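Quick note: the coordinates plus some simple rules give every number you see, no bench work behind them. Every value quoted in this text rests on a predicted model; they were computed, and no experiment measured them. Here the Cβ positions follow ideal geometry from the backbone for every residue, glycine too, while neighbour counts run over all protein chains shown.
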């Protein structure tokens, strides 16, 4: 990977493929702040549990939660549906379950990207069994053209076309998560 640590390059090469900047760091940070403001308003006076979906959401989750000013708790799921591929396998596996109790609690799932919707459908069904007070989804990226499952996404950072993206937590065979901007495959 060829990118500077402090200044994002306009293009990077990962696993032999070239990617170009799609959403710059400044635009991401502005949108994360807007999402946090909306969540702070909507959950004022409540103590929701923010649940990050590992590994991809960890950077977005971290930036978002540091701008949350209401009382809250955090926890994490770890799922697997991609392996080292660029397309979801369609088989969602739970690798790490929650440590918190969600019964009668306000649950906010924080996801890096929703494409097929299979992972979110899996999470929603898992959480529903525990009878939360409310259930909301916040995602940084949403590929509406790819979604195979019908469910509500309450907070969307950016709606994007069906293209492979990396950076800001999103990986390509576990590489490129550390990029500050989001990059798109340069075809």
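See the values below:
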{"quantity": "Label point at residue 144 placed 7 Å out along Cα→Cβ; residues across the stretch 105-121 whose backbone nitrogen lies under 19 Å", "calculated": "111-118, 120-121"}
{"quantity": "The stretch 117-158 shape via C-alpha gyration tensor axes, a/c threshold 1.5", "calculated": "oblate"}
{"quantity": "Helix 118-128 vs. the chain, principal-axis angle (Cα, 0 to 90°, nearest 10)", "calculated": "20 degrees"}
{"quantity": "In degrees, nearest ten, helix 25-42 long axis to first principal axis of the chain (Cα)", "calculated": "10 degrees"}
{"quantity": "DSSP bridge orientation in the chain - percent antiparallel, rounded to nearest 5", "calculated": "40 percent"}
{"quantity": "Zone of residue 62's modelled label, taken as backbone nitrogen in the stretch 109-136 under 19 Å from a point 7 Å along Cα→Cβ", "calculated": "110-113"}
{"quantity": "Relative contact order (percent, whole number), the stretch 89-183, Cα cutoff 8 Å, 6+ residue spacing", "calculated": "23 percent"}
{"quantity": "Residue-averaged [θ]222 nm for the chain, counting only DSSP H segments that reach four residues, each worth -39500 (n - 2.57)", "calculated": "-6000 deg cm²/dmol"}
{"quantity": "Gyration tensor verdict on the stretch 49-187 (Cα atoms; rounded if a/c is under 1.5, prolate if a/b is larger than b/c, oblate otherwise)", "calculated": "prolate"}
{"quantity": "Distance in nm between pseudo-label sites at residue 175 and residue 78 (7 Å out along the Cβ direction from Cα)", "calculated": "2.2 nm"}
{"quantity": "Cα shape, the stretch 26-83, gyration tensor, a/c 1.5 rule", "calculated": "oblate"}
